[in-house]
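Here's the structure, in C-alpha coordinates; my notes come after.
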Amino acid sequence: MSNYFRPNVDAMAAYAPSEQLPKDNTEIIKLNSNENPYPPSPMAMEVLRNFKGEWLRRYPNAFAQEFREAASTVLEVPTDWIIVGNGSDEILNVVIRACVEPGRKVVYPTPTYVLYRTLSQVQSAEIIEVPYTKDYRLPLKELIAANGSVTFIASPNSPSGHVVPADELRELASNLSGVFVIDEAYVDFAEENGLVLVKEFENVIVIRTLSKGYSLAGLRLGFAVANPKLLSGLYKVKDSYNIDAIACAVGAAAIKDQAYKDACVAKVKASRIKLAKDLAQLGFRIWDSQTNFLLVQPAQGNAEYLYQKLKEQKILLRYFKQPELDDKLRITVGTDEQNQALVKALAKVQSELPKAVFRQ
(Lines give C-alpha, C1' and ligand atoms only; values in the text may rest on other atoms or scores of the structure.)
Protein backbone atom coordinates (compact mmCIF):
# COMPACT_ATOMS: atom_id res chain seq x y z
CA MET A 1 0.00 0.00 0.00
CA SER A 2 1.20 3.51 -0.78
CA ASN A 3 2.38 5.63 2.13
CA TYR A 4 0.21 8.74 2.01
CA PHE A 5 1.34 10.35 5.24
CA ARG A 6 4.15 12.53 6.49
CA PRO A 7 6.79 10.45 8.32
CA ASN A 8 5.93 11.92 11.72
CA VAL A 9 2.22 11.19 11.24
CA ASP A 10 2.97 7.68 10.01
CA ALA A 11 5.07 7.00 13.11
CA MET A 12 2.74 8.40 15.77
CA ALA A 13 -0.14 6.72 17.59
CA ALA A 14 -3.62 8.22 17.40
CA TYR A 15 -5.22 9.69 20.50
CA ALA A 16 -7.26 6.98 22.22
CA PRO A 17 -10.48 8.39 23.72
CA SER A 18 -12.38 6.62 26.47
CA GLU A 19 -15.00 4.08 25.50
CA GLN A 20 -18.26 5.59 24.32
CA LEU A 21 -21.72 4.04 24.25
CA PRO A 22 -24.67 3.88 21.87
CA LYS A 23 -26.92 6.75 22.89
CA ASP A 24 -29.83 4.43 23.72
CA ASN A 25 -27.77 2.27 26.09
CA THR A 26 -28.93 3.15 29.58
CA GLU A 27 -27.88 -0.06 31.35
CA ILE A 28 -24.18 0.76 31.54
CA ILE A 29 -22.89 3.00 34.33
CA LYS A 30 -20.40 5.22 32.52
CA LEU A 31 -17.74 6.62 34.85
CA ASN A 32 -14.83 6.85 32.42
CA SER A 33 -15.14 10.14 30.51
CA ASN A 34 -15.69 12.70 33.28
CA GLU A 35 -19.08 13.72 31.97
CA ASN A 36 -21.36 15.58 34.36
CA PRO A 37 -24.06 13.18 35.63
CA TYR A 38 -26.71 15.91 35.65
CA PRO A 39 -28.63 17.32 32.66
CA PRO A 40 -27.81 20.66 31.03
CA SER A 41 -29.37 23.92 32.16
CA PRO A 42 -33.12 24.17 31.53
CA MET A 43 -32.41 27.56 29.94
CA ALA A 44 -30.06 25.87 27.45
CA MET A 45 -32.62 23.17 26.68
CA GLU A 46 -35.29 25.81 26.09
CA VAL A 47 -33.08 27.51 23.49
CA LEU A 48 -32.57 24.16 21.78
CA ARG A 49 -36.29 23.39 21.69
CA ASN A 50 -37.10 26.77 20.12
CA PHE A 51 -34.21 26.89 17.64
CA LYS A 52 -35.38 28.24 14.27
CA GLY A 53 -34.64 26.45 11.01
CA GLU A 54 -33.71 29.77 9.40
CA TRP A 55 -30.69 29.96 11.71
CA LEU A 56 -29.50 26.66 10.29
CA ARG A 57 -29.92 27.81 6.69
CA ARG A 58 -27.46 30.66 7.18
CA TYR A 59 -23.80 30.56 8.12
CA PRO A 60 -23.22 31.25 11.82
CA ASN A 61 -21.32 34.22 13.15
CA ALA A 62 -17.64 33.51 12.46
CA PHE A 63 -16.61 34.58 15.99
CA ALA A 64 -19.52 33.00 17.92
CA GLN A 65 -20.35 36.52 19.03
CA GLU A 66 -23.46 35.64 21.02
CA PHE A 67 -21.46 33.26 23.18
CA ARG A 68 -18.52 35.63 23.48
CA GLU A 69 -20.81 38.35 24.81
CA ALA A 70 -22.38 35.99 27.35
CA ALA A 71 -18.99 34.71 28.54
CA SER A 72 -17.67 38.27 28.68
CA THR A 73 -20.43 39.25 31.09
CA VAL A 74 -20.01 36.19 33.31
CA LEU A 75 -16.20 36.36 33.49
CA GLU A 76 -15.93 40.15 33.48
CA VAL A 77 -13.40 40.24 30.64
CA PRO A 78 -13.71 42.19 27.36
CA THR A 79 -15.39 40.36 24.49
CA ASP A 80 -12.35 40.71 22.24
CA TRP A 81 -10.27 38.80 24.81
CA ILE A 82 -12.30 35.62 24.11
CA ILE A 83 -11.88 33.05 21.33
CA VAL A 84 -14.37 30.20 20.91
CA GLY A 85 -13.59 26.69 19.73
CA ASN A 86 -15.27 23.46 18.71
CA GLY A 87 -14.49 22.08 22.15
CA SER A 88 -11.43 23.23 24.05
CA ASP A 89 -9.48 20.60 22.09
CA GLU A 90 -9.79 22.72 18.97
CA ILE A 91 -8.23 25.67 20.76
CA LEU A 92 -5.35 23.48 21.93
CA ASN A 93 -4.90 22.45 18.29
CA VAL A 94 -5.02 26.04 17.07
CA VAL A 95 -2.35 27.10 19.58
CA ILE A 96 -0.04 24.30 18.45
CA ARG A 97 -0.59 24.97 14.75
CA ALA A 98 -0.02 28.70 15.18
CA CYS A 99 3.04 28.52 17.42
CA VAL A 100 4.89 25.26 16.77
CA GLU A 101 6.94 23.82 13.92
CA PRO A 102 9.86 21.38 13.66
CA GLY A 103 12.63 22.50 16.00
CA ARG A 104 10.32 24.36 18.39
CA LYS A 105 9.68 22.92 21.83
CA VAL A 106 6.40 21.94 23.48
CA VAL A 107 6.79 21.45 27.23
CA TYR A 108 4.47 20.04 29.88
CA PRO A 109 4.58 18.01 33.12
CA THR A 110 3.46 14.38 33.10
CA PRO A 111 1.23 12.52 33.61
CA THR A 112 -1.33 14.86 32.09
CA TYR A 113 -3.74 15.16 29.16
CA VAL A 114 -2.18 13.00 26.44
CA LEU A 115 -3.62 15.08 23.60
CA TYR A 116 -0.80 17.59 24.16
CA ARG A 117 1.63 14.97 22.91
CA THR A 118 -0.54 13.95 19.95
CA LEU A 119 -1.01 17.51 18.69
CA SER A 120 2.69 18.24 19.11
CA GLN A 121 3.65 15.12 17.16
CA VAL A 122 1.47 16.23 14.25
CA GLN A 123 3.56 19.41 14.02
CA SER A 124 6.88 17.54 14.40
CA ALA A 125 7.64 19.57 17.50
CA GLU A 126 10.36 18.74 19.97
CA ILE A 127 8.44 17.37 22.94
CA ILE A 128 9.80 17.77 26.46
CA GLU A 129 7.85 15.88 29.12
CA VAL A 130 8.89 16.71 32.68
CA PRO A 131 7.69 14.21 35.31
CA TYR A 132 5.63 15.37 38.24
CA THR A 133 6.93 14.35 41.64
CA LYS A 134 5.26 11.34 43.26
CA ASP A 135 2.95 13.68 45.17
CA TYR A 136 2.21 15.72 42.01
CA ARG A 137 4.23 18.78 42.89
CA LEU A 138 4.99 20.91 39.85
CA PRO A 139 8.60 20.63 38.57
CA LEU A 140 8.91 24.41 38.28
CA LYS A 141 12.65 24.73 37.73
CA GLU A 142 12.72 22.13 34.97
CA LEU A 143 9.71 23.64 33.17
CA ILE A 144 11.23 27.11 33.29
CA ALA A 145 14.62 25.83 32.11
CA ALA A 146 12.99 24.07 29.15
CA ASN A 147 11.37 27.40 28.08
CA GLY A 148 9.13 25.96 25.39
CA SER A 149 7.57 27.76 22.47
CA VAL A 150 4.40 26.44 24.10
CA THR A 151 4.12 25.24 27.70
CA PHE A 152 0.98 23.43 28.84
CA ILE A 153 -0.23 23.20 32.42
CA ALA A 154 -3.57 21.50 33.10
CA SER A 155 -4.98 22.87 36.34
CA PRO A 156 -6.87 21.01 37.67
CA ASN A 157 -4.84 18.23 36.12
CA SER A 158 -6.07 14.98 34.69
CA PRO A 159 -5.68 12.22 35.75
CA SER A 160 -4.37 13.36 39.15
CA GLY A 161 -7.13 15.88 39.98
CA HIS A 162 -4.79 18.37 41.68
CA VAL A 163 -4.70 22.14 41.22
CA VAL A 164 -1.45 23.99 40.57
CA PRO A 165 -1.21 26.85 43.10
CA ALA A 166 -1.70 30.33 41.66
CA ASP A 167 1.72 31.54 42.82
CA GLU A 168 3.40 28.73 40.86
CA LEU A 169 1.42 29.58 37.73
CA ARG A 170 2.50 33.21 38.14
CA GLU A 171 6.13 32.19 38.54
CA LEU A 172 5.94 30.20 35.32
CA ALA A 173 4.29 33.07 33.47
CA SER A 174 7.00 35.44 34.71
CA ASN A 175 9.82 33.25 33.42
CA LEU A 176 8.54 31.81 30.14
CA SER A 177 9.14 33.61 26.85
CA GLY A 178 6.81 31.36 24.82
CA VAL A 179 3.05 30.88 25.01
CA PHE A 180 1.87 29.62 28.39
CA VAL A 181 -1.37 27.63 28.15
CA ILE A 182 -3.34 27.07 31.36
CA ASP A 183 -5.85 24.35 30.56
CA GLU A 184 -8.76 24.79 32.98
CA ALA A 185 -11.16 22.15 31.65
CA TYR A 186 -12.13 21.18 35.21
CA VAL A 187 -12.02 24.64 36.76
CA ASP A 188 -15.72 24.66 37.68
CA PHE A 189 -14.95 22.11 40.42
CA ALA A 190 -11.81 23.88 41.70
CA GLU A 191 -11.20 26.37 44.49
CA GLU A 192 -8.92 28.68 42.48
CA ASN A 193 -8.02 29.50 38.89
CA GLY A 194 -5.47 31.38 36.80
CA LEU A 195 -7.75 33.74 34.88
CA VAL A 196 -6.25 36.89 36.40
CA LEU A 197 -2.91 36.04 34.76
CA VAL A 198 -4.15 36.83 31.26
CA LYS A 199 -4.35 40.50 32.26
CA GLU A 200 -0.87 40.44 33.77
CA PHE A 201 0.96 38.54 31.04
CA GLU A 202 0.59 38.89 27.27
CA ASN A 203 1.77 35.31 26.65
CA VAL A 204 -0.80 33.56 28.90
CA ILE A 205 -3.95 31.93 27.52
CA VAL A 206 -6.54 30.27 29.77
CA ILE A 207 -8.64 27.57 28.10
CA ARG A 208 -12.01 26.36 29.37
CA THR A 209 -14.86 24.12 28.25
CA LEU A 210 -18.60 23.67 28.70
CA SER A 211 -18.20 19.88 28.69
CA LYS A 212 -17.71 19.38 32.43
CA GLY A 213 -19.39 21.88 34.72
CA TYR A 214 -22.14 22.74 32.24
CA SER A 215 -23.05 19.16 31.20
CA LEU A 216 -22.52 19.91 27.50
CA ALA A 217 -19.85 17.43 26.40
CA GLY A 218 -21.98 16.51 23.38
CA LEU A 219 -22.24 20.12 22.24
CA ARG A 220 -18.47 20.51 21.67
CA LEU A 221 -17.96 24.07 22.83
CA GLY A 222 -14.87 25.50 24.49
CA PHE A 223 -13.29 28.91 24.73
CA ALA A 224 -10.15 30.69 25.78
CA VAL A 225 -9.26 34.06 27.29
CA ALA A 226 -6.08 35.90 26.33
CA ASN A 227 -4.69 39.27 25.33
CA PRO A 228 -6.00 40.24 21.86
CA LYS A 229 -2.38 40.45 20.64
CA LEU A 230 -2.05 36.72 21.27
CA LEU A 231 -5.51 35.91 19.90
CA SER A 232 -4.77 37.74 16.64
CA GLY A 233 -2.39 34.99 15.57
CA LEU A 234 -4.80 32.25 16.58
CA TYR A 235 -7.59 33.73 14.48
CA LYS A 236 -5.36 33.31 11.42
CA VAL A 237 -5.30 29.56 12.02
CA LYS A 238 -8.81 28.65 13.20
CA ASP A 239 -11.48 27.49 10.77
CA SER A 240 -13.63 30.33 9.48
CA TYR A 241 -17.01 29.08 10.75
CA ASN A 242 -15.85 26.68 13.44
CA ILE A 243 -18.80 27.10 15.83
CA ASP A 244 -22.22 26.07 14.59
CA ALA A 245 -25.29 28.19 15.30
CA ILE A 246 -26.84 25.69 17.71
CA ALA A 247 -23.70 25.39 19.84
CA CYS A 248 -23.34 29.16 20.01
CA ALA A 249 -26.92 29.78 21.13
CA VAL A 250 -27.16 26.85 23.56
CA GLY A 251 -23.73 27.60 25.01
CA ALA A 252 -24.63 31.24 25.57
CA ALA A 253 -27.76 30.26 27.50
CA ALA A 254 -25.84 27.70 29.56
CA ILE A 255 -23.03 30.01 30.65
CA LYS A 256 -25.56 32.67 31.66
CA ASP A 257 -27.26 30.19 33.99
CA GLN A 258 -24.57 30.24 36.66
CA ALA A 259 -27.01 29.38 39.45
CA TYR A 260 -27.90 26.05 37.83
CA LYS A 261 -24.29 25.21 37.04
CA ASP A 262 -23.21 26.02 40.59
CA ALA A 263 -25.97 23.84 42.03
CA CYS A 264 -24.91 20.86 39.91
CA VAL A 265 -21.25 21.42 40.80
CA ALA A 266 -22.15 21.47 44.50
CA LYS A 267 -23.88 18.11 44.15
CA VAL A 268 -20.88 16.62 42.36
CA LYS A 269 -18.51 17.89 45.05
CA ALA A 270 -20.63 16.41 47.83
CA SER A 271 -20.79 13.09 45.99
CA ARG A 272 -17.03 13.20 45.42
CA ILE A 273 -16.39 13.46 49.17
CA LYS A 274 -18.68 10.54 49.94
CA LEU A 275 -17.27 8.37 47.13
CA ALA A 276 -13.72 9.03 48.31
CA LYS A 277 -14.63 7.93 51.86
CA ASP A 278 -16.36 4.79 50.61
CA LEU A 279 -13.41 3.83 48.41
CA ALA A 280 -10.96 4.50 51.23
CA GLN A 281 -12.91 2.04 53.39
CA LEU A 282 -12.33 -0.58 50.67
CA GLY A 283 -8.59 -0.02 50.98
CA PHE A 284 -8.06 2.31 48.03
CA ARG A 285 -5.54 5.11 48.15
CA ILE A 286 -7.30 8.31 47.10
CA TRP A 287 -5.61 11.41 45.74
CA ASP A 288 -7.13 14.77 46.69
CA SER A 289 -9.21 16.05 43.79
CA GLN A 290 -10.60 19.42 42.71
CA THR A 291 -12.33 17.88 39.70
CA ASN A 292 -15.35 15.68 39.00
CA PHE A 293 -13.24 12.52 39.18
CA LEU A 294 -10.94 10.65 41.55
CA LEU A 295 -7.58 9.04 40.90
CA VAL A 296 -7.44 5.92 43.05
CA GLN A 297 -5.05 3.04 43.65
CA PRO A 298 -6.32 -0.35 44.84
CA ALA A 299 -4.41 -1.79 47.77
CA GLN A 300 -3.35 -4.78 45.67
CA GLY A 301 -2.31 -2.61 42.71
CA ASN A 302 -4.53 -4.70 40.43
CA ALA A 303 -6.16 -1.79 38.63
CA GLU A 304 -6.40 -3.44 35.21
CA TYR A 305 -8.05 -6.53 36.68
CA LEU A 306 -10.65 -4.43 38.51
CA TYR A 307 -11.27 -2.36 35.38
CA GLN A 308 -11.97 -5.51 33.36
CA LYS A 309 -14.16 -7.14 36.04
CA LEU A 310 -16.30 -4.02 36.42
CA LYS A 311 -16.61 -3.71 32.66
CA GLU A 312 -18.10 -7.21 32.66
CA GLN A 313 -20.67 -5.87 35.12
CA LYS A 314 -21.45 -2.90 32.82
CA ILE A 315 -19.55 -0.30 34.86
CA LEU A 316 -16.94 1.61 32.85
CA LEU A 317 -13.92 3.21 34.54
CA ARG A 318 -10.79 4.71 32.95
CA TYR A 319 -7.62 2.66 32.99
CA PHE A 320 -4.32 3.98 31.61
CA LYS A 321 -1.85 1.32 30.59
CA GLN A 322 1.23 3.46 30.99
CA PRO A 323 4.03 3.93 33.52
CA GLU A 324 3.06 5.59 36.82
CA LEU A 325 -0.64 5.00 36.08
CA ASP A 326 -0.98 1.29 35.33
CA ASP A 327 -1.70 0.51 39.00
CA LYS A 328 -4.40 3.19 39.27
CA LEU A 329 -7.92 3.94 38.07
CA ARG A 330 -9.61 7.23 37.23
CA ILE A 331 -13.23 7.24 38.33
CA THR A 332 -15.75 9.87 37.27
CA VAL A 333 -18.05 11.04 40.05
CA GLY A 334 -21.56 9.96 39.08
CA THR A 335 -24.87 10.34 40.84
CA ASP A 336 -25.03 8.97 44.36
CA GLU A 337 -26.92 5.96 43.03
CA GLN A 338 -24.26 5.26 40.40
CA ASN A 339 -21.47 5.72 42.92
CA GLN A 340 -23.06 3.30 45.36
CA ALA A 341 -23.52 0.72 42.60
CA LEU A 342 -19.80 1.09 41.85
CA VAL A 343 -18.76 0.71 45.50
CA LYS A 344 -20.98 -2.34 45.90
CA ALA A 345 -19.53 -3.95 42.76
CA LEU A 346 -15.95 -3.21 43.82
CA ALA A 347 -16.55 -4.68 47.28
CA LYS A 348 -17.92 -7.87 45.72
CA VAL A 349 -15.06 -8.20 43.22
CA GLN A 350 -12.46 -7.62 45.92
CA SER A 351 -14.05 -10.20 48.21
CA GLU A 352 -13.67 -12.77 45.44
CA LEU A 353 -10.10 -11.85 44.46
CA PRO A 354 -7.77 -14.76 43.77
CA LYS A 355 -4.21 -14.22 44.96
CA ALA A 356 -3.00 -14.62 41.38
CA VAL A 357 -4.29 -11.18 40.41
CA PHE A 358 -2.46 -9.29 43.15
CA ARG A 359 0.17 -7.03 41.66
CA GLN A 360 3.68 -8.07 42.67
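Between Arg57 and Tyr235, the FRET efficiency from the beta-carbon distance, with R0 = 25 Å, is close to 0.45.
The slack in the chain from Leu140 to Val114, taken as 0.36 nm per residue of separation less the alpha-carbon distance, amounts to 7.4 nm. Roughly speaking, what is the centre-to-centre gap between the stretch 38-54 and the stretch 277-294 when only Cα atoms are used, to the nearest Å? Rounded to whole Å, the Cα centres lie 35 Å apart. Accessible surface of Lys311, taken over heavy atoms with a 1.4 Å probe and every protein chain present, rounds to 80 Å².
Rounded to two decimals, what ratio of Rg to Rh does the stretch 1-121 give with C-alpha atoms and a Kirkwood Rh? We get a ratio of 1.02 for the stretch 1-121.
Comparing the stretch 214-284 with the 2.2 N^0.38 Å rule of thumb, its C-alpha radius of gyration ratio is 1.65 (two decimals).
Measuring r between the beta carbons of Ala280 and Glu352 and using R0 = 25 Å, the FRET efficiency lands at 0.75. For the stretch 112-256, what relative contact order do you get, as a whole percent, if you take Cα pairs closer than 8 Å and at least 6 residues apart? Rounded, it is 16 percent for the stretch 112-256.
The listed residues Glu184, Glu191, Glu35, Glu66 rank as Glu191, Glu66, Glu35, Glu184 when sorted by accessible area, largest first, using a 1.4 Å probe.
Applying 0.36 nm per residue to the separation of Thr133 and Arg97 and subtracting their alpha-carbon distance, the gain on full extension is 10.0 nm. Counting only protein heavy atoms and a 1.4 Å probe, the chain has 47 square angstrom of accessible area per residue. Overall size of the stretch 175-255 from C-alpha positions, given as principal axis extents largest first: 39, 35, 15 Å.
Paramagnetic label reach from Lys199 (point 7 Å along Cα→Cβ; backbone nitrogen cut-off under 15 Å): within the stretch 224-258, residues 225-228.
Per residue, the convex hull spanned by the alpha carbons of the stretch 242-343 comes to 145 Å³.
Could you list, in their original order, any pairs among Lys141/Lys269; Lys30/Lys274; Lys30/Lys134; Lys212/Lys256; Lys274/Lys328 whose Cα atoms are separated by more than 21 Å? Lys141/Lys269; Lys30/Lys134, as the Cα separations exceed 21 Å there.
Accessible-area rank, largest first, for Trp55, Trp287: Trp55, Trp287, with all protein chains present and a 1.4 angstrom probe.
For Phe152, Phe5, Phe320, the ranking by accessible surface with the largest value first comes to Phe5, Phe320, Phe152, using a 1.4 Å probe.
Spin-label model, Asp262/Lys314: points 7 Å from Cα along the beta carbon direction are separated by 3.8 nm. Based on C-alpha pairs under 8 angstrom that are at least 6 apart in sequence, the chain has a relative contact order of 22 percent. FRET efficiency for the Glu171 to Met45 pair, using the beta carbon distance and R₀ = 35 Å, is estimated at 0.25. As a fraction of the 1.4 Å probe accessible area of the chain, surface on carbon and sulfur atoms comes out at 52 percent. Compute for the chain: radius of gyration divided by Kirkwood radius, i.e. Rg/Rh, restricted to C-alpha atoms, rounded to two decimals. On the Cα set of the chain, Rg over Rh gives 0.97. Normalised by 2.2 N^0.38 Å, where N is the number of residues, the alpha-carbon radius of gyration of the stretch 146-291 equals 1.17. As an equivalent ellipsoid, the stretch 49-195 spans semi-axes of 30, 19, 14 angstrom, where each value is the square root of five times an eigenvalue of the C-alpha gyration tensor, largest first.
The values are calculated or read from the model by the stated rules, or taken from the named source; none is laboratory data. Just so you know, these numbers come straight off a predicted model, no measurement behind them. FYI the Cβ positions are ideal-geometry reconstructions off the backbone, even for glycines, and counts take in every protein chain you see. With ligands, DNA and RNA removed, areas are computed over all heavy atoms of the protein, side chains included. Shrake-Rupley method; radii C 1.70, N 1.55, O 1.52, S 1.80 Å.
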